[in-house]
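Sharing a structure below in structure tokens format, with a few things to ask.
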Amino acid sequence: MFVWGWFYMKKSATKKKKSRKGSMPQIAIKPTFKIENIVASSELGLELDLYTIAYKLHDVEYEPEQFPGAILKLKDPKTSLLLFKNGKIICAGGKNEKEVTDAIAITMKMLEKYSKITPPKNFKPKFVIQNIVASAALGVELDLYGIASEVPDVEYEPEQFPGAILKFLAPKTSLLLFKNGKIICTGGRSEADVSAALHQAAKLLAPYSSPLPVKKE
């Protein structure tokens, strides 16, 4: 009971803080972002002998007692692929769709000889992006306390972690916000999703932003 009472008092105190909306001219925010990781799923149309693959290929890890899938690591493009017996794979680590396409094509070529079935001639596996992780910079300083107290769907517990979490339903994404204007965006299924989420965030967060402090030389 005491914990809930303390939590309520803390929330109430936070909401009483003076809003920054209208207290100063809004800054035009133009977010830039960089894709750090693409997670995509695909089907190779193969039936894989994971034991043989793990024995023959040096860059494969397979511990069936712990997990039913094998892990294949590629150096170029630098990606990791989770392989399953039924030919389904998960590709992670690509920085763009070309890297994902190349990684899957290389994997297909490497594993065909270890398959119990042969896919149709000229078969090219397609992939579906499940998640994109992108880093972004708003170029401003953010008032995370003001954002947490006035903006819906924001979680902020500075005693546990220095960033605030902002969630959007469309596009369905989660953004990790830091005081220095840095953002980590997850959940997008395309670059368009990432761009839309960041521009939506820029507009929403503008009233709680201020110029970044000038670094002393």
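Where the second residue is open to solvent by less than 20 Å² (accessible area, probe 1.4 Å) and not in a strand (DSSP E or B) and the first is over 17 Å from PHE127 (Cβ atoms) and lies in the range 65-83, which pairs have Cβ atoms under 8 Å and are six or more apart or on separate chains?
ALA70/LEU50; ALA70/ILE53
Looking only at the range 162-175, which residues are open to solvent by 40 Å² or more (accessible area, probe 1.4 Å), among the hydrophobic types (A, V, I, L, M, F, W, C) and outside any loop (DSSP other than H, G, I, E, B)?
Passing the criteria: ILE165, LEU169.
Applying the selection to the range 59-88, what residues are within 18 Å of ASN37 (Cβ to Cβ) and among the hydroxyl-bearing types (Ser, Thr, Tyr)?
Within the range 59-88, the subset within 18 Å of ASN37 (Cβ to Cβ) is 71-82.
Residues satisfying the conditions are THR79, SER80.
Specify which of the listed residues (LYS34, LYS11, LYS56) is at pLDDT 85 or above, open to solvent by 60 Å² or more (accessible area, probe 1.4 Å), basic (Lys, Arg) and within 30 Å of the chain's Cα centre (by Cα).
Numbers: LYS11 fails: at pLDDT 85 or above; LYS56 fails: within 30 Å of the chain's Cα centre (by Cα).
That would be LYS34, the only listed residue that is at pLDDT 85 or above, open to solvent by 60 Å² or more (accessible area, probe 1.4 Å), basic (Lys, Arg) and within 30 Å of the chain's Cα centre (by Cα).
Is there a residue being of a type outside the set (Asp, Glu) and assigned to a helix (DSSP H, G or I) anywhere in the range 136-145? Write out each step before concluding.
To start, the set of residues in the range 136-145 that are of a type outside the set (Asp, Glu) comprises 136-140, 142, 144-145.
Checking the rest, the ones that are also assigned to a helix (DSSP H, G or I) come to 144-145.
The answer is yes; a qualifying residue exists.
I've got another one for you. Going by the structure shown, is LYS116 in contact (Cβ under 8 Å) with a residue 60 or more places away in the chain, open to solvent by 60 Å² or more (accessible area, probe 1.4 Å), farther than 20 Å from GLN200 by Cβ and in contact with an Asp or Glu (Cβ under 7 Å, 6 or more places away or on another chain)?
Details: in contact (Cβ under 8 Å) with a residue 60 or more places away in the chain: yes; open to solvent by 60 Å² or more (accessible area, probe 1.4 Å): yes; farther than 20 Å from GLN200 by Cβ: yes; in contact with an Asp or Glu (Cβ under 7 Å, 6 or more places away or on another chain): yes.
Yes; evaluated as a whole, the condition is true for this residue.
Considering only residues that are in contact (Cβ under 8 Å) with a residue 12 or more places away in the chain, open to solvent by 50 Å² or more (accessible area, probe 1.4 Å) and part of a loop (DSSP other than H, G, I, E, B), which ones fall in the range 184-217?
Selection gives ARG189, PRO211, LEU212, PRO213.
Considering only the range 119-157, how many residues are in contact (Cβ under 8 Å) with a residue 60 or more places away in the chain, among the aromatic types (Phe, Trp, Tyr) and surrounded by 16 or more Cβ atoms within 10 Å (Cβ to Cβ)?
Result for the range 119-157: 2.
Oh, and also: Quickly run through the range 88-113 and pick out the residues that are under 15 Å from GLU43 (Cα atoms), open to solvent by less than 40 Å² (accessible area, probe 1.4 Å) and out of contact with any Cys (no Cβ under 9 Å at 6 or more places or on another chain). Please lay out each step first, then the result.
Initially, the range 88-113 is screened for residues under 15 Å from GLU43 (Cα atoms), giving 88-92, 100-112.
If we keep only those that are open to solvent by less than 40 Å² (accessible area, probe 1.4 Å) too, we end up with 89, 91-92, 100, 103-104, 107-108, 111.
Correct list: ILE89, CYS91, ALA92, MET108, LEU111.
The values are calculated or read from the model by the stated rules, or taken from the named source; none is laboratory data. Just so it is clear, the structure is predicted and the values come from calculations on it, not from any experiment. In this analysis, Cβ positions are derived from the backbone assuming ideal geometry, glycine residues included, and neighbour counts consider all displayed protein chains. Side chains included, ligands, DNA and RNA excluded: accessible areas come from the protein's heavy atoms. Shrake-Rupley method; radii C 1.70, N 1.55, O 1.52, S 1.80 Å.
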